[in-house]
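Structure record follows, encoded as structure tokens.
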Amino acid sequence: MAAKPLEARVHYRLDAAIIGLYGDIDAFAKDALNAAYAEAENKNPPTILLDCGGVDYINSIGIALIVSLLAQARKSGRRLLACGLSDHYLEIFQITRLADFITIFPNETSALQGL
Amino acid sequence: MTVLRNFWQTLIGRGDHEPPVTPVPAADRSASHRAAAPALTSLDIAPNDPLVAYFQGVPSVAEIDRLHLDSPALRVLKAARVKLAVPLVSQGELIGLLNLGPRLSEQDYSADDRALLNNLATQAVPAVRVAQLVRQQQAEAIARERIEQELRVAQLIQQTLLPKEAPVLAGWQMAAYYQPAQAVGGDFYDFIFFPDGRLGLVIGDVSDKGVPAALVMATTRSILRGAAQHLVSPGQVLERVNELLCPDMPPHMFVTCLYAILDPASGRLQYANAGHDLPYRQATGHVTELRATGMPLGLMSGMRYEEKETLLAPGETVLFYSDGLVEAHSPERAMFGFPRLMRLVGEHPGGVALIDFLRRALAEFTGPDSEQEDDVTLVILERSASPLPSVEGREGGEVWRTLAEFALPSVPGNEREAMEQVAQAVLKLNLPRARLDRLKTAVAEATMNAMEHGNKYRPELPVLIRVRTSDTALSVRITDQGGDQPIPDSETPDLEAKLAGRQSPRGWGLFLIKNMVDEMQVTSDATHHTVELIFYGEGDTHGRQTA
């Protein structure tokens with residue numbers, strides 16, 4: 001499994017901005033992730049969903065990047081959701097307690113159902 | 001018999017090795033007349049002088065006063081009051097002239113005289129030609145002998161000054177190979193022993209061949225040995241050598257030179273480089289250059305030499321070499337080149353056997369009939385392979401099998417490579433998916449820590465990874481070169497504090513590792529820092545995971 005630089009694409013559905021993530025969330029992902037988050041905030045959505053269905057690898061620096069996004073979201077009163085995590089990264093979100101602050105859904109549809 | 005007042009034999013110059021021509025005096029030359037004519041002892045006629053073409057076209061006696069050519073040689077003959085010139089032509093080539101001044105009787109030369117001279121010339125030509133060839137051969141033989149003598153001197157200087165054998169150091173293997181070219185290039189290498197046990201390694205190349213190169217090599221070697229005794233830093237040593245060499249360096253000559261100091265106890269290698277080919281460091285198939293910048297010695301004073309250092313781990317090899325290897329040509333005139341050398345070094349397991357491997361590769365590349373173009377020098381430094389630092393108490397009673405052992409340069413992103421290689425190594429253990437994922441994350445995080453904190457992301461410092469299994473456990477040891485640095489206390493990450501900005505968002509690595517593995521052990525010695533990740537059997541794993 002070769003390293004895959006992160007690509008992030010933003011779209012909007014209902015009241016949510018959805019950031020589709022593809023590739024690795026590691027030190028190299030910082031710019032792409034932050035740019036996508038800034039773009040997602042443009043329309044001032046109350047909810048931002050990180051769709052991690054295309055993510056193969058998250059390391060500790062990737063976790064730190066997500067912590068920073070979460071801090072920004074909380075500051076501006078937005079809810080941060082995540083979906084598409086593999087069982088392993090779901091476990092890591094639980095161990096790090098990110099799952100206490102980011103509600104996690106299996107997929108985009110289930111995440112948007114409750115909005 | 002016509003009495004000749006002056007008689008010279010003038011030979012045409014035939015190149016640098018032509019002996020000077022001795023004038024042949026006339027048998028009855030009188031002192032009174034000798035004073036009247038300017039002496040014409042020898043005359044070199046340029047091959048493009050019109051006189052040459054004239055005599056080759058008209059090979060018979062000519063009256064000099066009647067010739068009107070724009071010829072420097074003709075002007076000299078006229079000034080010397082030569083009356084007749086008899087060309088000596090051999091196989092269409094003008095090889096000499098018989099020049100005659102006025103007759104003693106002051107009468108003109110008769111038709112008989114001319115016929116006689118033409119006959120004389122015809123008979124003299126073969127003898128003159130033979131004499132010329134003999135002299136030419138003698139001159140060439142002398143020149144050849146002089147060149148061979150010079151080569152013997154150059155070889156003697158080099159062979160006397162090059163080390164007779166490679167140093168013997170506990171825990172290290174060293175070997176050197178030196179093959180001079182026919183013309184003897186300026187390659188040299190040297191080992192300098194210091195009282196504290198450190199070892200200086202020198203490899204260099206003078207930009208010329210033969211005796212001049214050998215003399216500059218000998219001078220450089222002496223100056224460097226002297227400077228090395230007084231200065232500790234390799235960069236300062238090269239700086240000093242450069243300052244001393246510059247004033248006396250012959251024009252258009254310079255010396256490339258790499259100077260390294262090895263501390264055999266720790267494996268620390270400090271080095272500086274004055275424009276020499278970069279050594280290759282080989283660690284389990286990964287090859288990196290030991291790069292440090294600096295101008296060749298003897299070109300310009302006031303130069304500074306960048307100094308670098310690295311730690312050589314057990315099993316690692318460094319190859320020092322000269323350009324005679326990389327600049328060798330194949331019969332098709334392709335160059336051996338750095339990429340080929342780097343690839344070959346990577347393909348070989350390393351150690352002193354690399355010398356024979358490269359020699360064979362070079363011989364194969366240049367072909368059987370090639371003449372060696374330049375000196376070839378190879379010096380190998382290998383730290384003997386030894387087990388990674390052992391972790392107390394974990395070895396007892398267990399039989400461990402090594403599944404994989406490899407090294408990775410400390411380059412951001414290489415933790416992915418570590419993760420994949422370990423996953424590959426444990427493939428046959430058929431670990432459950434969840435366990436494999438935890439192993440991979442733990443390996444990636446520990447490798448990142450080793451590259452970042454232990455090795456400061458210096459690519460030349462490798463992270464060593466060994467994967468072992470026993471009947472009851474799986475162990476991955478990840479070793480960096482940061483043993484002399486204290487292990488930073490890791491703060492347990494507190495997400496609330498991070499979200500509130502009271503803690504850095506980072507700092508998850510060690511926390512993740514501890515949560516992924518059943519047991520983690522950390523050990524350090526003077527040079528290494530090892531994290532061992534341990535996974536027990538399946539039942540145990542679950543028991544500890546939830547603890």
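General observations
- Picking from residues in the range B:304-333 that are in contact with a helix residue (DSSP H, G or I) (Cβ under 6 Å, 6 or more places away or on another chain) and part of a loop (DSSP other than H, G, I, E, B), the one that is nearest to B:L461 (Cα to Cα) is B:Y305.
- Taken over the range A:56-108, the criterion of being hydroxyl-bearing (S, T, Y) and in a strand (DSSP E or B) is satisfied by A:Y57, A:T103.
- Any chance A:I48 is under 11 Å from the mean Cα position of the chain (by Cα), without any contact (Cβ under 8 Å) to a residue 24 or more places away in the chain and part of a strand (DSSP E or B): no
- Among all residues of the range B:248-267, there is none that is part of a helix (DSSP H, G or I), more than 16 Å from B:D323 (Cα to Cα) and touching a Cys at 6+ places or on another chain (Cβ under 7 Å).
- Sole exception among (1) without any contact (Cβ under 8 Å) to a residue 24 or more places away in the chain; (2) in contact with a His (Cβ under 7 Å, 6 or more places away or on another chain) for B:L258, by number: (1)
- Of all residues in the range A:42-69, those that are under 18 Å from A:D15 (Cα atoms) and of a type outside the set (D, E) total 9.
- Members of the range A:1-45 that are surrounded by fewer than 19 Cβ atoms within 10 Å (Cβ to Cβ), in a helix (DSSP H, G or I), aliphatic (A, V, I, L, M) and within 14 Å of chain B (Cβ to nearest Cβ): A:A27
- Extreme residue, nearest to B:V376 (Cα to Cα), among residues of the range B:123-165 that are touching a strand residue (DSSP E or B) at 6+ places or on another chain (Cβ under 9 Å) and among the β-branched types (V, I, T): B:V128
- Looking across the range A:77-115, just one residue is of a type in the set (S, T, N, Q), surrounded by 15 or more Cβ atoms within 10 Å (Cβ to Cβ) and away from chain B (no Cβ under 14 Å), and that is A:T103.
- Options A:I63, A:I48; residue that is over 14 Å from A:A111 (Cβ atoms), buried (at least 21 other Cβ atoms within 10 Å of the Cβ) and either modelled with pLDDT of 95 or more or within 8 Å of chain B (Cβ to nearest Cβ) (or both): A:I63
The values are calculated or read from the model by the stated rules, or taken from the named source; none is laboratory data. Model, not experiment: these values are computed from the prediction. Glycine gets a Cβ as well: all are built from the backbone with ideal geometry, and neighbour counts include every protein chain shown.
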